[in-house]
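Read the structure below first, then the notes.
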Number of protein chains: 2
Amino acid sequence: MKLLLIHAKSFEYEAREKALEGAEDIDGRRVGKAENALVVFVTVEEGDSSDPGVVSAAVREIEDVFRRVKASEVVVYPYAHLSENLASPGEALAILKSIESQLSEKGLKTQRAPFGWYKRFTLDCYGHPLSELSRSIRPGEPPKRGFED
Amino acid sequence: MKLLLIHAKSFEYEAREKALEGAEDIDGRRVGKAENALVVFVTVEEGDSSDPGVVSAAVREIEDVFRRVKASEVVVYPYAHLSENLASPGEALAILKSIESQLSEKGLKTQRAPFGWYKRFTLDCYGHPLSELSRSIRPGEPPKRGFED
Ligand SMILES: [Mg+2]
Ligand SMILES: [Mg+2]
């Protein structure tokens with residue numbers, strides 16, 4: 001799993017058209033917005049389903065950054081562009097839902113953008129030193145931090 | 001080298017503080033903006049300097065997407081978050097400058113955001129099917145396209 005975490009003054013998106021046959025049903029979730037948000041671009045990779053520790057590590061990393069930057073909410077944003085080794089759509093969606101529900105269970109205000117759709121978005125990144133961070137999480141390994149925090 | 005190419009209705013940035021000792025001097029380039037822009041987030045990786053074909057392949061891929069989406073200008077945006085295997089700052093900056101100059105030589109209106117700075121940015125992604133694309137380019141190999149174009 002690859003995570004790109006951006007601390008955004010504001011973020012909003014709108015699903016426009018299906019990118020996949022198996023695009024998620026989005027009744028009532030076509031648009032979303034958030035302020036002072038930690039936007040987490042998530043690429044689920046092949047093999048991530050084999051180890052529930054991948055999701056729990058992702059949730060820990062997200063919560064850690066969320067608290068350090070003092071964000072108000074999390075947006076879990078499916079993103080197919082951070083890896084060449086994608087999980088199947090079904091696996092990816094299941095994992096994205098797990099991340100969302102585990103963050104919610106920890107008390108973090110969380111929304112998840114629809115999976116399998118091309119989306120318009122507007123993002124306003126703060127630009128402080130922790131406002132763009134990345135993580136790579138592989139089954140059975142500790143999370144790797146990218147540049148630089 | 002990793003490229004994340006986003007077709008943006010508008011994009012603007014402002015360098016805020018140095019992220020590296022060797023941050024580029026930015027007299028007069030603290031801020032930038034573009035409309036109908038192809039914003040190319042570039043992570044230069046270790047080994048990219050060994051093969052000039054990496055830069056020329058990147059330039060070909062960028063020009064190809066630029067023409068397909070009918071963008072008006074390119075923003076080459078240094079980005080340390082698409083790989084765990086970064087080139088040295090000196091190598092990265094040299095390669096970013098080569099990409100910029102080769103795009104300009106091809107007649108594409110091009111700007112390059114400063115290297116080694118934490119930057120605030122606002123990005124407005126169109127959301128059509130070609131508005132977010134990725135490429136992975138390794139020395140001696142043909143470019144790999146990410147999902148999906
Ligand atoms: Mg950063
Ligand atoms: Mg896409």
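The values are calculated or read from the model by the stated rules, or taken from the named source; none is laboratory data. Here the structure is a predicted model, which means the values were calculated and not measured. Here the Cβ is made from the backbone with ideal geometry for all residues, glycine too, and neighbour counts use every protein chain on show. Side chains are part of the model used for accessible areas, which takes the heavy atoms of the whole protein and leaves out ligands, DNA and RNA. Shrake-Rupley method; radii C 1.70, N 1.55, O 1.52, S 1.80 Å.
Only one of these conditions is not met by A:Glu35: (1) closer than 24 Å to B:Glu12 by Cα; (2) touching a Ser or Thr at 6+ places or on another chain (Cβ under 9 Å); (3) within 10 Å of chain B (Cβ to nearest Cβ); (4) open to solvent by 50 Å² or more (accessible area, probe 1.4 Å). Which number is it?
Failed condition: (3).
Does region B:51-62 contain any residue that is of a type outside the set (A, V, I, L, M, F, W, C), within 16 Å of ligand 1 (Cβ to nearest atom) and modelled with pLDDT of 95 or more?
no
Could you list all residues from region B:4-32 that are at the interface with chain A (Cβ under 10 Å from one of its Cβ atoms) and aliphatic (A, V, I, L, M)?
Result: B:Leu4, B:Leu5, B:Ile6, B:Ala8, B:Ala15, B:Ala19, B:Leu20.
Run down A:Glu148, A:Glu141 and say which single residue is surrounded by fewer than 18 Cβ atoms within 10 Å (Cβ to Cβ) and within 14 Å of ligand 1 (Cβ to nearest atom).
A:Glu148
Are any residues in region B:21-39 in a strand (DSSP E or B) and free of Cβ contacts under 8 Å to residues at least 60 places away in the same chain, and if so, which ones?
Listed by number, the residues that qualify are B:Val31, B:Lys33, B:Glu35, B:Asn36, B:Ala37, B:Leu38.
Might you check whether a residue that is open to solvent by less than 60 Å² (accessible area, probe 1.4 Å), within 25 Å of A:Asn36 (Cβ to Cβ) and within 12 Å of the chain's Cα centre (by Cα) occurs anywhere in region A:116-132?
Within region A:116-132, none of the residues are open to solvent by less than 60 Å² (accessible area, probe 1.4 Å), within 25 Å of A:Asn36 (Cβ to Cβ) and within 12 Å of the chain's Cα centre (by Cα).
When both residues are 6+ apart or on different chains and their Cβ atoms are under 9 Å apart, which pairs have a first residue that lies in region A:121-149 and is more than 7 Å from every other protein chain (Cβ to nearest Cβ) and at positive phi, and a second that is assigned to a loop (DSSP other than H, G, I, E, B) and away from ligand 2 (no atom under 16 Å from the Cβ)?
A:Gly140/A:Asp51
Output yes when any residue across region A:92-108 is within 14 Å of chain B (Cβ to nearest Cβ) and either under 27 Å from B:Tyr79 (Cα atoms) or in contact (Cβ under 8 Å) with a residue 60 or more places away in the chain (or both), and no when none is.
Yes: region A:92-108 contains one or more residues that are within 14 Å of chain B (Cβ to nearest Cβ) and either under 27 Å from B:Tyr79 (Cα atoms) or in contact (Cβ under 8 Å) with a residue 60 or more places away in the chain (or both).
With respect to B:Leu103, is the statement that it is within 25 Å of A:Glu14 (Cβ to Cβ) and not hydroxyl-bearing (Ser, Thr, Tyr) true?
Against the criterion (within 25 Å of A:Glu14 (Cβ to Cβ) and not hydroxyl-bearing (Ser, Thr, Tyr)), B:Leu103 does not qualify.
Which condition number does B:Lys119 fail, the rest of (1) among the charged types (D, E, K, R); (2) within 21 Å of B:Glu17 (Cβ to Cβ); (3) more than 16 Å from ligand 1 (Cβ to nearest atom) being met?
(3)
In region B:20-47, which residues are farther than 21 Å from B:Val65 by Cα and in contact with a Pro (Cβ under 7 Å, 6 or more places away or on another chain)?
B:Leu20, B:Gly22, B:Glu24, B:Ile26, B:Arg29, B:Gly47
Given the criteria closer than 21 Å to B:Ala15 by Cα and open to solvent by 50 Å² or more (accessible area, probe 1.4 Å), does B:Ala113 qualify?
It is false that B:Ala113 is closer than 21 Å to B:Ala15 by Cα and open to solvent by 50 Å² or more (accessible area, probe 1.4 Å).
Considering only region A:109-149, how many residues are away from ligand 2 (no atom under 16 Å from the Cβ) and either acidic (Asp, Glu) or part of a loop (DSSP other than H, G, I, E, B) (or both)?
20
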